[in-house]
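K.L.:
Once you've had a glance at the structure underneath, I'll fire off some questions.
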Amino acid sequence: MTTGYFTSVDDVAARLAATGYLASPAVATTVFLADRLGKPLLVEGPAGVGKTELAKAVAAVADARLVRLQCYEGVDESRALYEWNHAKQLLRITAGRDESWDETRTDIFSEEFLLSRPLLTAIRGAEPKVLLIDETDKADVEVEGLLLEVLSDFQVTVPELGTISAERRPFVVLTSNASRELSEALRRRCLFLHIGFPEEELERRIVRMKVPGLDEALAASVVRVVGALRAMDLRKVPSVAETIDWARTLLALGADTLDETVVRDSLGVVLKHQDDVLKAAAKLDLDAV
């Protein structure tokens, strides 16, 4: 079952660009195939390269509601799928003291008392939705069992209510920073896309789009210097988001060029560890980039 948001790979690239997301050919192709085949999209890559932003851009293009499950260690069924509103159930039980337990039980385990969490919310209703399961690798392995049920059949079983099936399948994006290996069963259900750091020309276009007031030559210098920093053995290499932050910083400072003084004074925008800052300050040769 397709979601039917895009007509071609070029359509994906053009419409994502209109939202401010510049997609590489590989990204545009994989998004098109996920849409056409109705398959979840698993996006891996380092932090700050645009994995989460891709889901947001697809939602904007499709005029769809973005439903986000932010994963973390300890996230469980009650946070990911659903839980019962126990406080409301107790109030209902108290109010119906004269009723039989069978009457009360039928009432308190009805839709009125169900708290829908992201996975259940994404498959209920007929409105278009994009389900973003963010940083999947941070969740415990057990949570993948919940994801498998939803992503294989797009349905959820609530014992007291039965099986709830999707009226309209959401476009699903799972992101991972690869801090742990996801199960093969989960990977089999998805199309895979790796987003790494962009080529220099694409990153320059991204900077120019996100920071339109920046001089073109300075934008090119920023991208080249960031590329040189990524080639160093750093604890945390700069992401695309940090490239954009640096470009905005230079614009705010009124800098015309990237000289040693400007770089030294603003390295903390793009590097987030003191040993990385010291290493970059010692090794970075602006004349070579």
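The values are calculated or read from the model by the stated rules, or taken from the named source; none is laboratory data. Quantities reported herein were computed from a predicted structural model and do not represent experimental measurements. Glycine gets a Cβ as well: all are built from the backbone with ideal geometry, and neighbour counts include every protein chain shown. Accessible surface is based on the protein model in full, side chains and every heavy atom, while ligands, DNA and RNA are left aside. Shrake-Rupley method; radii C 1.70, N 1.55, O 1.52, S 1.80 Å.
K.L.:
So what's the net charge close to I123: Lys and Arg +1, Asp and Glu -1, counting the other residues with Cβ under 9 Å from its Cβ? Walk me through the numbers on the way to the answer.
P.N.:
Values: positive: R124, K129, R168, R169; negative: E167.
Here the count lands on +3.
K.L.:
Measuring from centroid to centroid over Cα atoms, what is the spacing of the range 108-134 and the range 5-26 in Å?
P.N.:
Cα centroid of the range 108-134 versus Cα centroid of the range 5-26: 28 Å apart.
K.L.:
If a paramagnetic tag sat 7 Å from the Cα of D10 along the Cα-Cβ line, which residues of the range 22-47 would have the backbone N under 15 Å from that point?
P.N.:
25, 29
K.L.:
A further question follows. Roll a 1.4 angstrom probe over the protein heavy atoms and tell me the percent of accessible area of the range 198-281 that is carbon or sulfur.
P.N.:
49
K.L.:
Right, here's the next one. Return an integer: the convex hull volume of the alpha-carbon atoms of the range 198-281, in Å³ per residue. It would help to have the intermediate numbers written out before the result.
P.N.:
On the way: hull volume 6.6 nm³, N = 84.
Hull volume over Cα atoms, normalised by residue count, gives 78 Å³.
K.L.:
Mind listing the long-range amide H neighbours of L66? Cut-off is under 5 Å, sequence gap 5 or more, other chains count too, H placed in the peptide plane at 1.01 Å from N.
P.N.:
It is V130, by chain and number.
K.L.:
Compute the helix-to-body angle for 86-95: its Cα long axis versus the longest principal axis of the chain, expressed 0 to 90° and rounded to tens.
P.N.:
Once rounded, the angle reads 30 degrees.
K.L.:
Please give the calculated 222 nm ellipticity per residue for the chain, where each DSSP H segment of at least 4 residues contributes -39500 (n - 2.57) and the sum is spread over every residue; nearest 500 deg cm²/dmol? Before the final figure, lay out the partial values.
P.N.:
Values: 14 runs with 140 residues, N = 289.
Taken over the chain, the calculation gives -14000 deg cm²/dmol.
K.L.:
Ok, one more. Using the beta-carbon distance between R205 and L91 and R0 = 41 Å, what value does 1/(1 + (r/R0)^6) give for FRET efficiency, to the nearest 0.05? Don't skip to the answer; put the middle values down first.
P.N.:
On the way: r = 57 Å, r/R0 = 1.38.
Approximately 0.10, to the nearest 0.05.
K.L.:
Picking from I206, I123, I164, which is most flexible by a Gaussian network model of the chain using Cα springs under 10 Å?
P.N.:
Between I206, I123, I164, it is I164 that shows the largest mean-square fluctuation.
K.L.:
Quick check for me: using +1 on Lys/Arg Cβ and -1 on Asp/Glu Cβ, what's the dipole size of the chain about its Cα centre, in debye to the nearest 20? Write out the running numbers ahead of the final one.
P.N.:
Details: 35 positive and 47 negative charges, 76 e Å.
The dipole magnitude comes to about 360 debye.
K.L.:
Under a crude label model (7 Å from the Cα following the beta-carbon direction), how far is V277 from L253 in nanometres?
P.N.:
A separation of 1.2 nm, rounded to one decimal place.
K.L.:
Taking θ = phi - 60°, what integer Hz values does the Karplus form 6.51 cos²θ - 1.76 cosθ + 1.60 yield along the range 146-155, in sequence order, with x for Gly and Pro?
P.N.:
Each residue's phi maps through the Karplus curve to give 5, 5, 4, 5, 5, 7, 7, 10, 6, 8 Hz.
K.L.:
Same structure again: Using θ = phi - 60° and the Karplus curve 6.51 cos²θ - 1.76 cosθ + 1.60, what whole-Hz ³J(HN,Hα) does each residue of the range 171-176 get, with Gly and Pro shown as x?
P.N.:
7, 10, 10, 10, 10, 8
K.L.:
So, in nm, how far is label S78 from label V269 when the simple model puts each one 7 Å beyond its Cα toward the Cβ?
P.N.:
Using points 7 Å along Cα→Cβ, the separation is 4.5 nm.
K.L.:
Against the empirical 2.2 N^0.38 Å scaling, what ratio does the C-alpha Rg of the chain come to? Could you put the intermediate results ahead of the total?
P.N.:
Numbers: Rg = 23.6 Å, N = 289, 2.2 N^0.38 = 18.9 Å.
For the chain, the normalised Cα radius of gyration is 1.25.
K.L.:
While we're on this one: At a Cα cut-off below 13 Å, give the aspartates and glutamates reachable from K279, other chains included and same-chain residues fewer than 8 away excluded.
P.N.:
The reachable aspartates and glutamates, counting only those whose Cα sits under 13 Å from K279, are D233.
K.L.:
Continuing with this model, one more query. Which GluC sites (Glu not before Pro) does the range 107-180 hold that lie in a coil by DSSP with at most 14 other beta carbons within 10 Å? The partial results should precede the final answer.
P.N.:
Numbers: sites: E111, E112, E135, E142, E144, E149, E160, E167; in loops: E135, E142, E160, E167.
Loop-located and lightly packed - E142, E160, E167.
K.L.:
Spelling out what I want: for every residue of the range 51-65, take phi, set θ = phi - 60°, compute 6.51 cos²θ - 1.76 cosθ + 1.60 (Karplus), and round to whole Hz; glycine and proline get x.
P.N.:
With the stated coefficients, the range 51-65 comes to 5, 5, 5, 4, 4, 5, 5, 4, 4, 5, 5, 7, 6, 10, 6 Hz.
K.L.:
Determine the share of the range 37-139's accessible area contributed by carbon and sulfur atoms, expressed in whole percent, with a 1.4 angstrom probe.
P.N.:
On the way: 2430 of 4830 Å².
The value for the range 37-139 is 50 percent carbon and sulfur by accessible area.
K.L.:
Sticking with this structure for a sec: In the structure displayed, which of K56/K129; K51/K210; K88/K129; K51/K272 lie more than 18 Å apart, Cα to Cα?
P.N.:
On the way: K56/K129 11 Å; K51/K210 16 Å; K88/K129 28 Å; K51/K272 21 Å.
Violating the 18 Å limit, Cα to Cα: K88/K129; K51/K272.
K.L.:
For R65 and A17 in the same chain, what is the full-extension length gain: residue separation times 0.36 nm, less their Cα-Cα distance, in nm?
P.N.:
Numbers: separation 48, 0.36 × 48 = 17.28 nm, distance 1.92 nm.
This chain segment gains 15.4 nm when fully extended.
K.L.:
At 1.4 Å probe size, put R189, R65 in order of accessible surface, largest to smallest. It would help to have the intermediate numbers written out before the result.
P.N.:
Values: R189 75, R65 110 Å².
Accessible-area ranking of R189, R65, largest first: R65, R189.
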